[in-house]
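Each remark here refers to the structure printed beneath this line.
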Amino acid sequence: MQAQLTDSLLVKQNSFYNDIEVRLFETPLLFTSQNLSDFTQTQLDFEQKISPFKRVQTAEKSTKYAFATQGIYNLKPRLRLFGNFVYNQMFEDGLGYNLTTERTENQNVLSPNYFFAPKKGNWEIQNYTLNGGLSYQLENNILLGATVFYNNSKNYRKIDPRPQISLSNYGGELHGGYVYKDHRIFGSVGMSKKTETGDIDYVDATQNAPAYPETFTTFSSGYGRVVFNSSYSKYIFSTIDKNFGLGYQYQNDRNSLGLTYKFNKSMQDFYGKDANGNVYIENDLRQYRYRFYSNTAKLNYYHDGEVKDYKLQLEYSAGQGDNFSVAENGQNYRMNLDRLQLSSGIIKKENDRVLYNFELIGAYAKHKYIDLLGSTNKKLNTLVIQAVFNRDIFASEKNKLNLEFGVNYYVALKEELLYVPISSNTSFANNVIIPDHAYDSTSKLQSNITANYYIKLPKKKTLQFFINYKTLTALDNKYLEYYANLNTKASTYFNGGVSINY
C-alpha cells in the first residue's frame, strides 16, 4: 500500500520525525486524524560536555546521567494519550559569576535578577520532569485536548558561597477545536506556576565581606547593575505564565498545511526577607518584577509521498522583557529578541530502510539588551545555518545501522557593545559582559556525528545503541576586538546510551 497521511507513522524510526513529537505537545489537535503508531521507549544515557570555548556563566565541564521513558498510546481510534518522564543527575565543574539554576549555554544573557559571586565552584543537580497529554475527536467533529507538565529540581554548590535551590514548575493547557471536511480550527489556553526557593550559606562566614570580592555575594538587577542584597540567605522567585493560542489546518490524503499563533506572558517576582528574617510570598516583600511576553507564529507544511516525505516550517517570534525595581518605583532593564527561522527536510525510504534524509535550517535573530542604570547597551544580529544528513548504512531483517552528519554555522552579522562605567567596580563588566560579547561576536562552527545501531528482538521490540559526538570551534578572531584572553580551544560534547523500543 502506498503511504498516506492516514497510514501509521512511527515517529521513532528516524530523526526526520523528531519535530512531530515536539508539535504533538504544543498542538495535539493537529494530529487527531493522523495515525501515529503506538510505542514505548525506555532509555539510559550518559552525557559529557567539556567547554573551554563558552560564555562565562556556563560550567567548564558537565557530566549527566539520565533515565527516560516516553510513549504514544492510541486507546481508541479517536482517543490518544502521550507523555514522558525524565530523571537526570548532573555534575558541573568550574562555574563562576552564577548562583542560579540558569546557564548561558543556550541563552546570551541570564534573567536580570540573581545572586552571584566571581569564584568558580562545582554543582550537583537533580531534575525530575513529567509531561503528558491527550487528544480526542468526538463523533460530532468536536476536538478536545489537554497537556500538563511538572518539573522539580534540586541544585547544590559545594564551595563557599553555597546556594541550595529548590525549583517546582507545573502547569497545563486546554485545547478545543472543530473539524469540517478537510479543514479544522482550534484554540488553546494555558497557565503555569514556577516557584524557586533558595538560600546561600557559608562554612566560613568571614568570606562574605567586601574585603573578599571573589566570595562576596552580590546581586545583579539588569545587565551591569550590581548591588548588595541582604536577602541572599533566604529568597523566593515566583513566576506565573499565561498563554493562549489559535490555529488552522488544511489536510487531505497526502498533504497537511497548518498555521498557528501563540501569545505568552509571564511575570517573575523576587521576594526578599522581612524584618524577622523570614521570606514568603507577600506583596510587601516584593523587591523586583520581571515581565516577559512573546508572540509566536508558525506555518507548517507536510507531504507524505509515495516514496519521499517533505516538510517545511516557517516560524517567527518576538519577545520583550522588562525589569522593574519596586523600591525605586522604576524600570531598569529591557530585553528584545526577534527571531525568524525557515526549516525544510526530505526523506526517502524503501521498505524499512532510510535511503537518505536531508534537512536544512536557517535562523536570523536580533538581540537587544539595555541596562538603564548599569549603562550597558548590547546589540546583536545573528545568522545560523544548520544542515543534517543521515541514512541507513545497512539494514537487514535483524539489525540496521544509521549514520548522521551535521554542521551548524553561526555568524554575527552586526554587533555593538556600549558600556559606560558608573562606579569604580567594573568586575562584572570586565569578566562577564565583555568576554560574553567577544564570544557572541565570533563566528563558530559546530559539527557532529551520530550513530544508531538497531537490533530487532522478539515481540516487535527493538534494542537501540547510540553515540553522538560534537565539536564547537571558532572560525575567526573577532573576539580580539573585545577580549584577547577568550579561550578558543574547541569545546566537545559526547552522548551515548541504550534504549529499548516496543
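Descriptive notes on the structure:
- Comparing TYR301, LEU285, TYR248 along the charge dipole axis of segment 234-309, the residue lying farthest to the positive side is LEU285, per the Cβ-charge model.
- Nonlocal amide H pairs with LEU457, under 5 Å, H built at 1.01 Å: THR462, LEU463
- Each part reduced to its alpha carbon centroid, segment 35-62 and segment 122-182 end up 18 Å apart.
- Computing FRET efficiency as 1/(1 + (r/R0)^6) for TYR128 and ILE422, where r is the C-beta to C-beta distance and R0 is 56 Å, gives about 0.85.
- Note on THR40 and PHE358: the model spin-label points, each 7 Å out from Cα along the C-beta direction, lie 4.0 nm apart.
- Accessible-area composition of segment 447-491, carbon plus sulfur, in percent [1.4 Å probe]: 55 percent
- Of LYS181/LYS311; LYS349/LYS456; LYS49/LYS193, pairs whose Cα-Cα distance is over 27 Å: LYS49/LYS193
- Calculated Cα extents along the principal axes in Å (choose from [x] 165, 86, 55; [y] 97, 65, 53; [z] 76, 49, 42), label: [z]
- Potential lengthening of the chain between LEU403 and TYR156 amounts to 85.1 nm, from the contour at 0.36 nm per residue minus the alpha-carbon distance.
- A full extension of the chain between ASP338 and ASP93 corresponds to an added length of 84.9 nm, given 0.36 nm per residue minus the alpha carbon distance.
- Modelled FRET efficiency - R0 22 Å, ASP253 with ASN18, Cβ distances, 0.05 increments: 0.40
- Between segment 343-393 and segment 427-462, the alpha-carbon center distance in angstrom: 12 Å
- Here the chain is assigned +1 on the Cβ of each Lys and Arg and -1 on the Cβ of each Asp and Glu. Its dipole about the Cα centre then comes out at about 640 debye.
- Virtual spin-label span in nm between LYS460 and GLN164, 7 Å along Cα→Cβ: 4.9 nm
- Bridging of LYS348 to aspartates and glutamates at a Cα separation below 14 Å is possible for ASP304, GLU306, ASP309, GLU359, ASP392, once same-chain residues fewer than 8 apart are set aside.
- Per residue solvent-accessible surface (Å²) - segment 398-502, probe of 1.4 Å: 54 Å²
- Using the rule -39500 (n - 2.57) for each DSSP H run of four or more residues, divided by the residues of the chain, the 222 nm mean residue ellipticity is -1000 deg cm²/dmol.
- Couplings 3J(HN,Hα) for segment 411-419, derived from phi with the Karplus relation 6.51 cos²θ - 1.76 cosθ + 1.60 (θ = phi - 60°), are 9, 8, 6, 8, 8, 7, 9, 10, 10 Hz, where x marks Gly and Pro.
- Between LEU81 and GLU139, the C-beta separation translates, for a Förster distance of 22 Å, into a calculated FRET efficiency of about 0.70.
- Cα-centre dipole for segment 428-473 with unit charges at Cβ (Lys and Arg positive, Asp and Glu negative), debye to 20: 680 debye
The values are calculated or read from the model by the stated rules, or taken from the named source; none is laboratory data. Note that the structure is a prediction, hence the values are computed from the model and not measured. All Cβ positions, glycine included, derive from the backbone under ideal geometry; neighbour counts span all protein chains shown. Side chains are part of the model used for accessible areas, which takes the heavy atoms of the whole protein and leaves out ligands, DNA and RNA. Shrake-Rupley method; radii C 1.70, N 1.55, O 1.52, S 1.80 Å.
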